[in-house]
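Heads up: the structure comes next, in structure tokens.
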Amino acid sequence: MRATNIVGALMSTVTYETDTFIHNVRNLDHQTLRDLVTNYTAILRRACLGMGFGPDQADELVQNTWTTFFDIAPRFEGRSKIKTFLFGIMYNKARELRRDHKKHGHEEWNEFESRFDETGHWVRPPTDPSVFAERAQSLVHLEECLDELPVQQKTAFTLKEVQEFTTQEVIEVMGVSANNLGVLSFRAKANLRECLENK
């Protein structure tokens with residue numbers, strides 16, 4: 001994920017909350033669907049890249065996300081924001097792709113569990129990662145460190161800090177508990193802190 005992509009991902013998106021919008025989605029209104037694709041395709045692709053997928057895989061994931069969305073749109077009830085709904089689909093497709101890669105012998109980057117004791121607490125307390133992020137000479141270092149995070153940590157950090165999702169939205173998208181998200185976020189920031197410190 002390039003520096004311009006991180007900045008671009010911080011831009012606000014169109015909010016769709018009305019009953020008319022929900023009705024249009026359920027009825028596959030052409031203009032409504034076109035607006036959604038226009039407003040969210042690049043955002044979804046940046047998120048896929050931020051999760052560590054290559055450009056071709058990101059394109060495939062976005063295409064699969066839209067295909068699934070169009071299939072289930074008639075059942076959309078508006079219980080979650082459309083952004084959360086789309087990212088939930090994308091996240092599930094990403095998990096499917098990673099499972100498929102594992103079946104074919106691809107290995108995930110392993111977490112350094114030795115940094116934690118058996119209760120999940122730090123062996124040595126981390127320094128605030130924001131201090132090191134601010135001292136990084138450029139966003140290139142941050143991007144390199146993001147690429148080294150375990151998948152779930154990278155996803156949690158990208159959704160919360162880059163895509164600016166609320167905690168509840170991240171929980172819904174990733175299908176994790178609040179406690180699990182807290183651990184993922186804490187470890188992601190700690191690993192980023194250590195990586196940036198080393199650079």
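The values are calculated or read from the model by the stated rules, or taken from the named source; none is laboratory data. These numbers come from a predicted model, not from an experiment. No Cβ is skipped: glycine too gets one built from the backbone with ideal geometry, and neighbour counts run over all protein chains shown. Note: accessible area is taken over every heavy atom of the protein model, side chains too, but ligands, DNA and RNA are not part of it. Shrake-Rupley method; radii C 1.70, N 1.55, O 1.52, S 1.80 Å.
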Report task. Please list the non-local residues whose amide H lies under 5 Å from the amide H of F165, H modeled 1.01 Å from N, same-chain partners needing a gap of 5 or more. Result -> K160
Query - Förster radius 30 Å - calculated FRET efficiency between V183 and T18 (Cβ-Cβ, nearest 0.05) - result: 0.25
Requested in this report: Give the carbon-plus-sulfur fraction of the accessible surface of segment 44-88 in %, rounded to a whole number; probe 1.4 Å, heavy atoms of protein chains only.
Outcome: 46 percent
Query raised in the report: Okay, which of segment 71-85 sit inside 20 Å, backbone N to the point 7 Å along the Cα-Cβ direction of T166?
Result: 77-85
Query raised in the report: Which value in nm describes the separation of the simple spin-label points at T67 and D29, placed 7 Å from the Cα toward the beta carbon?
Result: 2.7 nm
Report task. Could you check the simple spin-label distance between S80 and E143, using points 7 Å along Cα→Cβ, in nm with one decimal? Result -> 2.9 nm
Query raised in the report: With θ set to phi - 60° and the Karplus curve 6.51 cos²θ - 1.76 cosθ + 1.60, what are the ³J(HN,Hα) couplings of segment 146-159 in order, to the nearest whole Hz, using x for Gly and Pro?
Result: 4, 5, 8, 6, x, 4, 5, 5, 4, 5, 4, 5, 5, 5
Requested in this report: Mind checking the per residue accessible area of segment 46-99 for me, 1.4 Å probe, whole number of Å²?
Outcome: 46 Å²
